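First the structure, in the form of structure tokens, and then the observations on it.
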Amino acid sequence: MANRLNRTNHEIKFLVISLVGISLSLTPWLNSDSLLIPKLIILFLSSVILLPKLVFNFNFLFQNRVSKLIVLVCGLILIQTFISILISTVPLEQQLYGRTGRGLGLILVISSLILFLVTIIFIDLKSIHYICIGLIIASVVSSIYTIFQKFGLDVFEWNTRTNGLIGTVGNPNFQSVLSCLALPPLLAILINKRRYYSILIYFAIGIVAYCIFICASTQGYLASLFALFTYVLTYLWYKNRNLFSLCSLVASIFLIFTILGMMGNGPLSYYLDKISLRSRFEMWQTALNVISSKPLFGFGLESFGDISPRFKPDNIMTGVNEFADNTHN
């Protein structure tokens, strides 16, 4: 226990810098896949550097039931993943690296698990502000870059099928969500810090809010509402339990109408029943068909794009019939 109490914040600072670097890195002057490759390289190198920290402090993960359960789940994920790779006919390089433009292979799985466990070991309430600051930096910088793209000030020429507002993460859907993730910590700082911070916080909130608006992504709006509701409910839990109960009721009703709207019913259907969402319902149904076919070990990492046409729903021709290359959808 003494080693943990006397630890420095170097691990968390390094972790936050790495995550900010992953979010903002791009190399259009080096390679065609200039968003995925640098992010995956930083993720992998960060996990390699932090791996000794995980090994030498692994015993701290067994201090309570929650962390023990997390270790068990991570272990099962690794076992299931390696068995899936061994019995799969998918090319090994595809399972290691992932499909082009996705990179969701074994490298990402192991690297993410390492960073996740290191975070559990070293993060506490006294150092969580580093995470908040890193999230704000990544969100605001990427949002500013997106605004530059909106006004034609991008120095790079991107080949994209979207509206061109891709930020540093690849498309307007991802960018709008990255922007809205900064809202809760920004509001927390605004309420708890002195007034001379207020101008900067208001400016940052304006940047991310405008970025969400110009991205014109429905999931960005929904994620923003979810972030704000989460912050308000957390605040009211400590300040006023009666208002917390009332807001929880309102949030629950809104969530029900949102789900109905996504399914094409209710007063929000006009705003939420989009072609992109319908295509995802079809992708999810395809994924469920794949899971029911091989529920334990599947067909191998990053194999969904190869096998999904065989598992499309029978009524697919009446829907969007969009090709799904990855289960991230």
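The values are calculated or read from the model by the stated rules, or taken from the named source; none is laboratory data. From a predicted model like this one, the values you see are computed outputs, not experimental measurements. All Cβ positions, glycine included, derive from the backbone under ideal geometry; neighbour counts span all protein chains shown.
Annotations for the structure displayed:
- Taking (1) of a type outside the set (S, T, N, Q); (2) within 25 Å of the chain's Cα centre (by Cα); (3) surrounded by fewer than 13 Cβ atoms within 10 Å (Cβ to Cβ); (4) over 29 Å from K294 (Cα atoms) in turn, L19 satisfies each apart from (3).
- Extreme residue, surrounded by the most Cβ atoms within 10 Å (Cβ to Cβ), among residues of the range 67-107 that are β-branched (V, I, T) and either outside any helix (DSSP H, G or I) or free of Cβ contacts under 8 Å to residues at least 60 places away in the same chain (or both): V90
- Just one of (1) part of a helix (DSSP H, G or I); (2) within 30 Å of F203 (Cα to Cα); (3) of a type outside the set (S, T, N, Q); (4) over 22 Å from the mean Cα position of the chain (by Cα) fails for D154. It is (1).
- Taken over the range 256-285, the criterion of being of a type in the set (S, T, Y) and at pLDDT 80 or above is satisfied by T258 alone.
- Positions within the range 289-325 being surrounded by 12 or more Cβ atoms within 10 Å (Cβ to Cβ), more than 27 Å from the chain's Cα centre (by Cα) and modelled with pLDDT of 85 or more, in sequence order: S293
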